[in-house]
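Taking it in order: structure first as structure tokens, then the write-up.
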Amino acid sequence: MQPLTLPERPAAPAGAARATRETVLAVRRWTDALVSLRLSRSASFRFTPGHYARVGLAGADGMVVRPLSIASAASAAHLDFLCTLVPGGAFSALAARAATGDAAQVERASFGFLTVDALAPGRDLWLVASGTGIAPFLSILQDPDVWRAFERIVVVLSVRTAVELVPADEVASYERDPASAPGPAKLTFVPVVTREPGATALASRIPDLLDDGRLEDAAGAKIEAEHARVMTCGNPALAQAMRQRLSARGFRPTRRNAPGQMSFENYWTSRS
């Protein structure tokens, strides 16, 4: 696997505002607690697939800002975000009633270490997510370079109810119709629904599925440090459990200037 070549992020002009003024272009409500937002995008905004941005929605007392993983392609003219609505959360309240044309903002810088270029070269890429943790992987999977860098991509998404799988429909379509994928890698999608018995073949917590071998059996691939590279995004319990289990298998975490075999998204926004 060759390292990915990524565009350089231009510095903001001297005296430029910290954030750009944007507009809500579209809203899609998947469930009462799951919403997608599409915002306009400044021509100067650059990000690496896997990054998150600090997004603001206009409230009565000004902008309420929340870090959200970017779900759209790096080349798209817009920015997509997937939001979990938290009862009592200031940002969640605004997202719940957001409408096309609403004012928004996006800070000029993007952030995060959940990027493919931070991984050591490997053969298989595992993207492991719970809930809205699928968002950065939706962006990564729209990058043709990723599909050329790996022979196989396995996407694991754990949700509570089957309807929460719908935002990942395009991912599943790459498995059904490989010709529609952005590149030559073979993709396997492993959905896990934990609170609707029978909705999916697997219904246990991802770490438990890894422990007893069912996750690897479902994917038809092994998670071994020699060939596999694992990226995890979701709730802190999932990240911690995956880090422990992968470390026991000899995986090294990615560090600044030191590529490893596993990486994690660490921010948490449950009080928003």
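Residue pairs whose Cβ atoms lie under 8 Å apart, separated by 6 or more positions or on different chains, with the first residue in the stretch 199-228 and closer than 17 Å to Gly250 by Cβ and the second β-branched (Val, Ile, Thr), are Leu210/Ile223; Glu216/Ile223; Ala221/Val154; Ala221/Thr188; Ile223/Val230.
Open to solvent by 10 Å² or more (accessible area, probe 1.4 Å), more than 27 Å from Ala219 (Cα to Cα) and in a loop (DSSP other than H, G, I, E, B) - does that describe any residue in the stretch 140-159? No, there is no match, as no residue in the stretch 140-159 is open to solvent by 10 Å² or more (accessible area, probe 1.4 Å), more than 27 Å from Ala219 (Cα to Cα) and in a loop (DSSP other than H, G, I, E, B).
Flag not set for Pro167, criterion: open to solvent by 10 Å² or more (accessible area, probe 1.4 Å) and either among the aliphatic types (A, V, I, L, M) or not in a helix (DSSP H, G or I) (or both). The set of residues in the stretch 42-89 that are out of contact with any strand residue (DSSP E or B) (no Cβ under 7 Å at 6 or more places or on another chain) and hydrophobic (A, V, I, L, M, F, W, C) comprises Ala43, Ala60, Ala73, Ala74, Ala76, Ala77, Val86.
Report the residue count in the stretch 94-135 for those that are in a helix (DSSP H, G or I) and of a type in the set (A, V, I, L, M).
Qualifying residue count for the region: 7.
Checking every residue in the stretch 97-104 against the condition of being open to solvent by less than 10 Å² (accessible area, probe 1.4 Å) and either hydrophobic (A, V, I, L, M, F, W, C) or touching a strand residue (DSSP E or B) at 6+ places or on another chain (Cβ under 6 Å) (or both) gives at least one match. Touching a residue at least 12 places away in the same chain (Cβ under 8 Å) and open to solvent by 10 Å² or more (accessible area, probe 1.4 Å), is that true of Gly131? Yes; evaluated as a whole, the condition is true for this residue.
The values are calculated or read from the model by the stated rules, or taken from the named source; none is laboratory data. Quick caveat, the model's predicted, so the values are computed rather than measured. FYI the Cβ positions are ideal-geometry reconstructions off the backbone, even for glycines, and counts take in every protein chain you see. Remember, those area values only see protein heavy atoms, side chains included, never the ligands or the DNA or RNA. Shrake-Rupley method; radii C 1.70, N 1.55, O 1.52, S 1.80 Å.
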